[in-house]
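Since the structure comes first, as structure tokens, the remarks are kept for the end.
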Amino acid sequence: MTDLVVRRLLVDMKAPIARHWCAGDPFRTALFNALSMSFPVGEQFFIDSVRRGLKALPAARQERFRAEVQGFIGQEATHRRLHSLYNAHLEQSGLVNEWEARARERLQLLEGQDVRHWLAITAANEHFTAILADFLLHHPHLLGDRDPRLVTLWLWHSAEESEHKCTAFDLYQAVGGDHAWRIRWMKRITTIFLLDTLRQTLSNLKHDGTLWRWRTWRSAARFLFGREGLVRRTYRPWRAYFRRDFHPDQQDAAASRRWLAEHAHQYVPAGA
Ligand SMILES: [Fe+2]
Ligand SMILES: [Fe+2]
């Protein structure tokens, strides 16, 4: 069991977001903005999944998860709220969130489906989020220093993703989810997530007018395939999910703990 603290982040999301807030780099800005666009709808789905998962357990077994699920919901709800404010700035600047509408349509297909599907999808997405989070916590310089507020937002979100990465997975196991479906959903989610990320990033670049710049593609190649690039650094942890004995706890969370300890002045635990 984990004690998940819900934190109120001390950032002002009222000020507008600069066009290329991420180190002046159009590609990285477009990519992080795309991810942000997926969060409000995605995180609401994760909240609904774990809530349903908890309810599906026999009363006697709910106790073990109750506090953890509450913490998980509190953290994701806070992420949703701040990323919605973030996304409102993006919309005002002319970017169009196409991901959210697509995700909503797909999620409708899950209504009435077994809760194990919901939790398998959530666990797969949470694995993705956790490995991206760990990558970012190890490479914070990629966020640049033009907007310290957004740097804090992304690293805080990353730290909490790493912190609650076991919740959906453990609930999936607790409601009797099996290995085969866990793997099947991970394969589907990998395709869906990568395609959605690609489509929204391209859309953001198009609306930004930087899609056909040499510099954009050079940055993309370096960010994704460079020696310290995202693909190289996250392939192994992504692959680990397919092992029968995999558990999210096996993946290191030291960077998350370190960030939370070193930045305690930037948040207030809720209720404190
Ligand atoms: Fe989140
Ligand atoms: Fe999460």
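Bear in mind these aren't lab numbers, they're just calculated from the coordinates by the rules spelled out. Computed from a predicted model, the values in this text were never measured in an experiment. Here the Cβ positions follow ideal geometry from the backbone for every residue, glycine too, while neighbour counts run over all protein chains shown.
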The chain: most fluctuating residue of Leu110, Leu143, Leu198 per GNM, C-alpha cutoff 10 Å: Leu110
Label-point separation, Leu85 to Asp252 (7 Å along Cα→Cβ), nm: 3.3 nm
Ordering of 128-135, 224-231 by packing [mean C-beta count within 10 Å, highest first]: 128-135, 224-231
Residues whose placed amide H lies under 5 Å from that of Ala23, excluding near-sequence neighbours: Asp145, Arg146, Asp147
Whichever lysines have a C-alpha closer than 26 Å to that of Lys165, once near sequence neighbours (fewer than 8 apart) are set aside: Lys55, Lys187
Mean-position separation - Cα centroids, the range 1-43 and the range 72-103, in angstrom: 8 Å
Dipole moment magnitude, nearest 20 debye, the range 145-193 about Cα centre, only Lys, Arg, Asp, Glu C-beta charged: 320 debye
Distant-in-sequence amide H partners of Val11 (H built 1.01 Å from N, under 5 Å): none
Contour minus Cα-Cα distance for Trp238 and Gln173 (0.36 nm per residue): 21.5 nm
Gaussian network model of the chain, Cα within-10 Å springs - most flexible of Val50, Val69, Val41: Val41
Label-to-label distance, nm, for residues given as Gln70 and Arg215 (7 Å Cα→Cβ offset): 5.1 nm
Cβ-derived FRET efficiency at R0 25 Å, Arg52 paired with Leu195, nearest 0.05: 0.40
Which of Gly42, Asn87, His179, positive extreme of dipole for the range 7-269 (C-beta unit charges): His179
Span-rule helices in the chain, defined as complete DSSP H runs reaching 18 Å or more along the axis (Cα) with Kyte mean at least 0.5: 115-138
Whole-angstrom gap from the range 227-257 to the range 141-209, using each part's C-alpha centre: 13 Å
Relative contact order (%) - the chain, alpha-carbon pairs under 8 angstrom, separation at least six: 32 percent
